[in-house]
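Q: Could you have a look at this structure, given as structure tokens, before my questions?
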Amino acid sequence: MPPPVDLDWSSVCRAALARYSEPLLRAVADKLVRPRTKLGADELLDKATATLTNAPVIDRRIKEQPPAARKLLALVGLSRQPRWAVGHLLALLAALDHSDGLAPVLALLETGLLFPEVGPSDAPVTDFGAWCGAAGATAAVVFAHPGVAHRARGEDLGLPNLARDDAGARAARVADGLEWPLRLAAVWQQVHADPVRLTQGNALFKRDLQRLQADPVLGAASVEQLAPVADPGVLALLWAQATGLLAERDGALAAGAFPPAWDGPLVPLLADLFAALPLVEAWDPLAGYAPRDGGPSPAPTAGFLALLLARQFVTPDAIADWLWSHHPSWAGAVPTRAAADRGAGWVRAYLLGVAFPLGLIEVGGDLLRLSPLGRHLLAGEPEPAAPPAYPQALMVQPNAEVLAYRQGLTPGLIAALSRFARWKGVGPACTLELTPEQTYRGLESGLTLPMIVQTLNRHGTRPVPPGVADLLQRWASKRERITAFASAVLVEFPTPADLDAAVARGVVVLRLTDRIGMTADGGEPALAQLRLIGNRDYESRPQRCLAVADDGVTLTVDTPQADLLLEAEIGQFAEPLPIEPNGTRKFRLTPASLRRCTGRPLADTDQWFLERTGAPLSPAGRLLLLGAQLPPPTAARVLVVKLPTADVADGVTQWPGTRALIAERLGPLAVVVEEDNFAALRAALAEAGVVLE
């Protein structure tokens, strides 16, 4: 799974170090930090984490590594993807003629420049070799701090120069980079309408696979695609998952919010998409959807190496020849029909069908090389200048279709349109359609009708036609509106009449209950017009705000200490009494009110009263709550004998001469005697010298 957006990698690295056994932590810290004195475990964690952002120290640690380890870290930095399966890293090193096995990975782990990805339920790591063996040498996942990997990007990988001698200077064609963002937005929209289910093996069901393959938007050939690729809809789905646009929930892929990269310029978004490519495993440019049961797919590593080999104008055949003879598993995984040209068709499909529409490759005649964006991402060249902005990119037609011209599209506009308009075609002029269902989904996502119309007007070449505006209004009015506020200020008034007065003065607008109101946007009202008697933090624990009267059933509210949840909670136990002239609120426990919580455990009821009153449910309340569940009481005529002292009472109940005559002891001094035994008790006590009057 992709890491969360805006991840604090220093904290992630510290958490990984905290999963090491103490001997292993000290061994790693000795190589990374090199402390001069023996430090505690927490101090070692802090110093090791701080060292990861200390550029001069990290540069020295990288130089101390063997060549294969330095190249491995450089590959991680060049990919801009911090997380890699160990199997992929070994394949990359093998392609660079390093056959040291796990040694480079272990060297970086032992120095603290790489970290194992350990699950929360996994045992602490005591030995890196044992951890790799337990997780599977190829399936284990490691990660590097992006700042550390970036410091290694300048390492010479020893890749050959495959440039053709007659390349020279030539005019090159570059794509606008919007093709794959548009397709990812379209697949996000489809999954938002109908989540994609996954099998227990994390594969696609046949129904969902066929839906992606037959979709007219996702399956259509791209105008920015110089070579066809198989199952582009599946690639868009898996790519969207790798970037965090889709997330797995309860055995299905569901649409989440657009990540922050979609709110900015195009280049950072394309960099994020490039970094996510190594995470796309179950897809191949020629075979299409290709889930693998054993071993990692060679497609991510072969595609990454193909990009690294295209720093100068080269032919796809030259790149394919090098991969064919150097990549350890790619030649064996290339479809049989593509083996005749040593995988050149595979390279063309990947570079011209995936990398070129993404803006990473430029094409000049029969040659290709990294574009300015590709050289920025893979060779450290400056970021290319942003293209001219054309804010008015939309044309809303009277039939509720929308034309979107590519030169004016931005990631933010693509994301906004995807929330309320259905994509119909992705071409030089993209087409969308306004529909009731998509409008409802936009409103459910937090948009309002004015926001939708404002987006269309702000980016349109002319205002929204009146007929279309009327359609949107009718669709929005048919939907039951539920407004969600990320934060709000609620104002509680002593009486409903006070709330009515505040609404009349415009202090608050929305009535939430008969005594609670808020402003239309949830913001702070004009407090100068209110007399405040308290404010509360609703994230804190419930406060004691009820006083129990001597009768055990009358509850008086301490208004300054009470919170808005009290009134909703207390209704489970008590009935409200009329508000007193001074504004005091009271409630009363009754048999009918306590019957509402009959199925609730008594311990929960006691806990609520303990939090709100400081004591469990009163004896009177217990009588009303549990009376119907107790055995029926009995009534009988008996004689009660009150003895002079507790010692005498103890003796009477213990001495065999009187013990059999006592029916029950009522207290320290009193006992119960049946009338027929009274004379015998008097005689027995007289024998002991006690006169019973």
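What follows is calculated from the coordinates using simple rules that are stated; it is not laboratory data. Just so it is clear, the model here is predicted, and its values are computed rather than measured. Here the Cβ positions follow ideal geometry from the backbone for every residue, glycine too, while neighbour counts run over all protein chains shown.
Q: Could you work out the helix-only [θ] at 222 nm for the chain, with each DSSP H run of four or more residues adding -39,500 (n - 2.57) and the total divided by the number of residues, to the nearest 500 deg cm²/dmol? Before the final figure, lay out each step's value.
A: Details: 30 runs with 280 residues, N = 693.
Taken over the chain, the calculation gives -11500 deg cm²/dmol.
Q: I would also like to ask the following. Fully extended, how many nm does the chain gain between Q210 and L7 (0.36 nm per residue separation, minus their Cα-Cα distance)? Spell out each step's value before the answer.
A: Working: separation 203, 0.36 × 203 = 73.08 nm, distance 3.49 nm.
The span from Q210 to L7 would gain 69.6 nm if fully extended.
Q: The list [x] 37.9, 135; [y] 29.5, 89; [z] 31.4, 106 gives values of Rg and Dmax of the Cα atoms in Å, and only one came from this structure; which label was calculated from it?
A: Correct label, based on the coordinates given: [x].
Q: Can you pull the one-decimal nm distance between simple spin-label points at L512 and T138, each 7 Å off the Cα toward Cβ?
A: About 5.7 nm, to one decimal.
Q: Continuing with this model, one more query. Shape of the range 546-629 from its Cα gyration tensor (a ≥ b ≥ c, root eigenvalues): rounded if a/c is under 1.5, otherwise prolate when a/b > b/c, or oblate? Show your work: numbers first, answer last.
A: Details: a/c = 1.77, a/b = 1.54, b/c = 1.15.
Taking the square roots of the gyration eigenvalues as a ≥ b ≥ c, the range 546-629 is prolate.
Q: Also: How large is the charge dipole for the range 394-477, taken about the Cα centre, if only the Cβ atoms of Lys, Arg (+1) and Asp, Glu (-1) carry charge, to the nearest 20 debye?
A: Details: 8 positive and 5 negative charges, 36 e Å.
The dipole of the range 394-477 has a size of about 180 debye.
Q: Using the Cα centre of the chain as origin and beta-carbon charges of +1 (Lys, Arg) and -1 (Asp, Glu), tell me which of F274, T199, W131 is placed farthest towards the positive end of the dipole.
A: F274
Q: Could you list E433, E664 in order of exposure, starting from the residue whose Cβ has the fewest other Cβ atoms within 10 Å?
A: Numbers: E433 15, E664 12.
Ranking E433, E664 by Cβ neighbours within 10 Å, fewest first, gives E664, E433.
Q: Same structure again: How high is the relative contact order of the chain, in percent, counting Cα pairs under 8 Å that sit 6 or more residues apart?
A: Numbers: 1015 pairs, mean separation 59.5, N = 693.
With pairs under 8 Å counted, the relative contact order is 9 percent.
Q: While we're looking at this one, here's another question. Provide E155, E224, E524 in ascending order of the number of other Cβ atoms located within 10 Å of each residue's Cβ, fewest first. Working shown, then result.
A: Details: E155 20, E224 24, E524 11.
So the ranking, lowest neighbour count to highest, is E524, E155, E224.
Q: Starting from 0.36 nm per residue, how many nanometres of slack lie between A615 and A221 once their C-alpha separation is accounted for? Please list the in-between numbers first.
A: Values: separation 394, 0.36 × 394 = 141.84 nm, distance 7.20 nm.
Going from the current span to full extension adds 134.6 nm.
Q: Can you give the Kirkwood hydrodynamic radius of the range 173-379 from its Cα pairs, in Å with one decimal?
A: Details: mean 1/r = 0.0578 Å⁻¹.
Across the range 173-379, the inverse of the average 1/r is 17.3 Å.
Q: Ok, one more. Below 8 Å between Cα atoms, with a sequence gap of 6+, how large is the relative contact order for the range 546-629 in percent? Show your work: numbers first, answer last.
A: Details: 98 pairs, mean separation 24.4, N = 84.
Dividing the mean separation by the residue count of the range 546-629 yields 29 percent.
Q: Taking the Cβ of each residue in F356, F609, F313 as the centre, tally the other Cβ atoms inside 10 Å and list the residues starting with the fewest. Working shown, then result.
A: On the way: F356 27, F609 19, F313 23.
Going from least to most buried by this count: F609, F313, F356.
Q: While we're here: Taking a label point 7 Å from the Cα of A171 along the Cα→Cβ vector, which residues of the range 367-388 have an amide N closer than 16 Å to it?
A: So the set is 367.
Q: Moving on. Hey, rough spin-label estimate for E248 and R164, points 7 angstrom out along Cα→Cβ, what's it come to in nanometres?
A: With each label placed 7 Å out from Cα toward Cβ, I get 4.3 nm.
Q: For the range 394-477, list log₁₀ I(q)/I(0) at each q in 0.23, 0.26 Å⁻¹, using the Debye formula over Cα point scatterers of equal strength and ignoring solvent, two decimals each.
A: Results for the range 394-477 at q = 0.23, 0.26 Å⁻¹ read -1.16, -1.52.
Q: Something else about it: Please give the length that would be gained between V640 and E43 if that part of the chain were fully extended, namely 0.36 nm times their separation in residues minus their C-alpha to C-alpha distance (nm, one decimal).
A: Between V640 and E43, full extension yields an extra 207.5 nm.
Q: Suppose each label sits 7 Å from its Cα in the direction of the beta carbon; what would the S325-Q454 distance come out to in nanometres?
A: Computed distance between label sites S325 and Q454 equals 6.2 nm.
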